[in-house]
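S.K.: Questions regarding the structure given below will be posed in turn.
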Amino acid sequence: MPAATEAVAIAGELHAPRAGVASLDNATGHKNMQQLIQLRWFAVVGQVVTILVVHYGFGIRLPLDHMLQVLTCLALFNVVSLLRSRTHRRVTNGELFLALLVDVAMLTAQLYLSGGATNPFVFLYLLQVILGAVLLKAWSTWTIVVVTSFCFALLALFSRPLALPLDHNRGLWSPYIQGMLICFALNASLLVIFITRISGNLRARDARLADLRQRASEEEHIVRMGLLASGAAHELGTPLATLAVILGDWRRLPHFSSDPELLTEVAEMELQIQRCKSIVSGILLSAGEARGESSEETTVSTFLDDLVEEWRTTRPVEDFDYENRFGHDLPMVSDSALKQMICNVLDNALEASPHWLRLEAAHDGDTLTITVSDAGPGFLPGILKEFGKPYQSSKGRPGGGLGLFLVVNVARTVGGRVAAGNRPEGGAIVKITLPLAAIVLEEEEEEDEDVESETIEVQRP
């Protein structure tokens, strides 16, 4: 089978669940909570190192027991937060707000034990404020501002000053200036690392939301087209039935029945009207309005073979290669939407390449892969870039480009995807990948029914 070139467009996501806005916010909230948990571990390790360096390295006495107890409480809270994040429950603004308040409380306790407002690391309050501005709603952020300002004021009023000489005249050699430098570098580094990650989470959520809005717009477009097609099909049904009756009457008239040439033309007209009626019935069936037809149980290979045979006999194709490599057959219900989807791809390929077409069906793991190749001019780069969007066509006629748009959306509804590209030797290639779980019948249910029927037969006298 010819392989596609590097220019390949893919629309739809195989087996992808349709996540709503709420689930996107939930996923973003979980990611942001994980960032806070990682930041808290950095804080625990950093504070342990800083306390030991200041106490033993600089010879500044600190209440190690109390400060290590505070760190133990912070580590335990982080473990609880980590276990909570694995429950996959929704992370709310209130929960993030509470987590930041706990961080502010722990920082305040450590500063109270190590000099209060005179401690150079008091500016770590700014880190909590900035994280609140990024993660929380407006009222929560301003609450963090008020709480941190109040804590700063309490530290200035009630804590003991740190036994650390300012020595501003010593410049960088002053222990206080060194502490401020370390605090600044720590604040800046943590902000760059974690704000970048959090912003990436928010950008990913916004991109996913934009994709959902685009998909909703496309599905609304499909619904409108379906209503329009259903209405048109209803309107066409009556005149087609009238024409069929008139042609039937013509066939019985003497001057028609005595002229073989006219009789042949009438038969051809009847055949085309019957085809139009079949198309109308298919449109109504796809819209959920069956016209006397009902879904039939078949198999995947039979469905494909019948579809190809019907398409081949009603289209003027010169050379059509068909290869069914599905292998072990599976039961399914004949679906007019899937049938129309494959026929749309074949019709587009026939219009581009009336001399040669190829359709190949294969069973690849848990998927059905249908590949249609042609020897036409191929896809233009602009068409591949906008692949799957409506009215993207190189044919230059109004309303063109809806065929592949419908194909993509039908495949998407069953969790499949459609890829398009150009063949190295010329021509286009379209590959439809459908999950078998969405189109085949469960064999286990049939086996259970067979077992039950056999049991009933055995129990009969």
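Every read-out reported here was derived from the displayed coordinates using simple, explicitly stated rules and does not represent laboratory data. Since we're looking at a predicted model, the values are computed, not measured. Neighbour counts run over all protein chains shown; Cβ positions are idealised from the backbone, glycine included.
S.K.: In nm, what is the difference between 0.36 nm times the number of residues separating Arg89 and Lys385 and their Cα-Cα distance? Walk me through the numbers before you get to the answer.
M.R.: On the way: separation 296, 0.36 × 296 = 106.56 nm, distance 3.78 nm.
The Arg89-Lys385 span can extend by a further 102.8 nm.
S.K.: Applying the Karplus parametrisation 6.51 cos²θ - 1.76 cosθ + 1.60 with θ = phi - 60° to the phi angles of region 203-213, what ³J(HN,Hα) value in whole Hz is obtained for each residue in order, glycine and proline being reported as x?
M.R.: 5, 4, 5, 5, 5, 5, 5, 4, 5, 5, 5
S.K.: Once you have the Cα-Cα distance between Leu436 and Val414, take 0.36 nm times their residue separation minus that, and quote the gain in nm to one decimal. Could you put the intermediate results ahead of the total?
M.R.: Working: separation 22, 0.36 × 22 = 7.92 nm, distance 0.94 nm.
The Leu436-Val414 span can extend by a further 7.0 nm.
S.K.: I would also like to ask the following. Say R0 is 51 Å: what FRET efficiency, to the nearest 0.05, do Leu236 and Lys137 get from their beta-carbon distance?
M.R.: Details: r = 55 Å, r/R0 = 1.08.
The calculated FRET efficiency here is 0.40.
S.K.: What FRET efficiency comes out for the pair Arg312/Leu212, r = Cβ-Cβ distance, R0 = 56 Å, nearest 0.05?
M.R.: On the way: r = 40 Å, r/R0 = 0.71.
Once the sixth-power term is evaluated, E becomes 0.90.
S.K.: If the chain between Phe320 and Ala204 were fully stretched, how many nm would it gain, using 0.36 nm times the residue separation less the Cα-Cα distance?
M.R.: Details: separation 116, 0.36 × 116 = 41.76 nm, distance 4.45 nm.
Extra length from Phe320 to Ala204 when fully extended: 37.3 nm.
S.K.: Cβ under 12 Å from Val430's Cβ, Val430 left aside: what net charge do those residues give with Lys, Arg +1 and Asp, Glu -1? Please list the in-between numbers first.
M.R.: Numbers: positive: Arg358, Arg417, Arg423, Lys431; negative: Asp347, Glu360, Asp374.
Spelling it out: positives minus negatives among the neighbours equals +1.
S.K.: Modelling each spin label as a point 7 Å along the Cα-to-Cβ direction, I'd like the Glu296/Gln69 distance in nm, to one decimal.
M.R.: A separation of 8.3 nm, rounded to one decimal place.
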